[in-house]
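Okay, structure first, notes after.
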Amino acid sequence: MISAQHALERLQEGNRRFVTSLKTGQGLPSPTRPMELRQDQMPFAIILGCSDSRVPAEIVFDQGLGDLFVIRVAGNIVAPSQVGSVEFAASRFGTPLVVVLGHSRCGAILATIEELQQPAENQSRNLRSIVNRVRPSVQSLLDTDLRHDMDGLVHHAVRANVRASVDHLRHGSELLEQLIQQDGLRVVGAEYSLETGEVEFFDGLEPG
């Protein structure tokens, strides 16, 4: 298995290819190798991303079958099932890199802001569970001048929510902590721009 740094560079290179394809209008090839993957998989990165239909990790990173272990949930939140899925891939396949991938204009962030500003009377408890996970990343920002700037508020909230999920994965699992300390597992945060197609890695770029 490759190193976490090499895995990160592969994702960055793949995203550059994706952005170039958007600018040139030339589609990317879709690498497939199903016969090789019938028995085993060796994903080089784990992506915990949002369920938003505009942010498919394999496409924005230009990767093929078997390259990424992708977990998608609204708001790229971290709940026990997501932690367990990351633990599974990191321990079973030796995958060296975890990326929490948020994105601009995230609907879960917007829904949380709306709920905090004007609580709904009959919100589904299942939807509320997502809002409650995002809430801590938004609440403190509403106490700043950003409450008067919706675009700025959403941008900062998206990144705060990514950082919260990264921190949860780094420190909320004994297994992942062990893999970080002993095997060099890295957990990083990133944001995908719906406007440009670019992924910016902004948290955890330095090893350790």
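The values are calculated or read from the model by the stated rules, or taken from the named source; none is laboratory data. Every value quoted in this text rests on a predicted model; they were computed, and no experiment measured them. Note that we place each Cβ from the backbone using ideal geometry, even for glycine, and neighbour counts take in every protein chain shown.
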Selection count, the stretch 138-175, where residues are at pLDDT 95 or above and of a type in the set (Ser, Thr, Tyr): 2
Can you find a residue that is in a helix (DSSP H, G or I) and among the small types (Gly, Ala, Ser) anywhere in the stretch 122-134? yes
Within the set of pairs 6 or more residues apart or between chains, which connect a residue that is farther than 19 Å from TYR192 by Cβ and in contact (Cβ under 8 Å) with a residue 40 or more places away in the chain inside the stretch 60-86 to a residue that is in a strand (DSSP E or B) and charged (D, E, K, R) with Cβ atoms less than 9 Å apart? none
The one condition in (1) polar (S, T, N, Q); (2) part of a helix (DSSP H, G or I); (3) more than 16 Å from SER104 (Cβ to Cβ) that SER137 fails to fulfil: (3)
Which of the strands (runs of 3 or more DSSP E) found entirely inside the stretch 1-114 contain at least 1 residues meeting this: of a type in the set (Gly, Ala, Ser) and out of contact with any Asp or Glu (no Cβ under 8 Å at 6 or more places or on another chain)? 45-49
All conditions in (1) buried (at least 18 other Cβ atoms within 10 Å of the Cβ); (2) under 21 Å from VAL199 (Cα atoms); (3) touching a helix residue (DSSP H, G or I) at 6+ places or on another chain (Cβ under 7 Å) are true of ARG105 except (1)
Every residue in the stretch 171-208 that is assigned to a helix (DSSP H, G or I) and surrounded by 19 or more Cβ atoms within 10 Å (Cβ to Cβ), please. LEU176, LEU179, ILE180
Show the residue pairs meeting these rules: Cβ distance below 7 Å; 6+ apart or different chains; first residue within the stretch 99-126 and under 23 Å from ASP167 (Cα atoms); second residue of a type in the set (S, T, N, Q) and not in a helix (DSSP H, G or I). SER104/SER193
Go through the stretch 150-190 and report how many residues are among the aliphatic types (A, V, I, L, M), in contact with a strand residue (DSSP E or B) (Cβ under 7 Å, 6 or more places away or on another chain) and farther than 21 Å from ALA4 by Cβ. 1
Within the stretch 148-170, track down each residue that is surrounded by 14 or more Cβ atoms within 10 Å (Cβ to Cβ) and over 29 Å from GLY84 (Cβ atoms). GLY152, LEU153, VAL154, HIS155, HIS156
Can you find a residue that is polar (S, T, N, Q), exposed (fewer than 15 other Cβ atoms within 10 Å of the Cβ) and over 15 Å from the mean Cα position of the chain (by Cα) anywhere in the stretch 61-73? no
For the stretch 136-149, what are the residues that are without any contact (Cβ under 8 Å) to a residue 24 or more places away in the chain and either within 19 Å of ASP52 (Cβ to Cβ) or in contact with a Gly (Cβ under 8 Å, 6 or more places away or on another chain) (or both)? LEU146
On the basis of being out of contact with any Pro (no Cβ under 6 Å at 6 or more places or on another chain), of a type in the set (Phe, Trp, Tyr) and surrounded by 15 or more Cβ atoms within 10 Å (Cβ to Cβ), does PHE44 make the cut? yes
Take the residues of the stretch 114-137 that are β-branched (Val, Ile, Thr) and buried (at least 22 other Cβ atoms within 10 Å of the Cβ): which is modelled with the highest pLDDT? VAL134
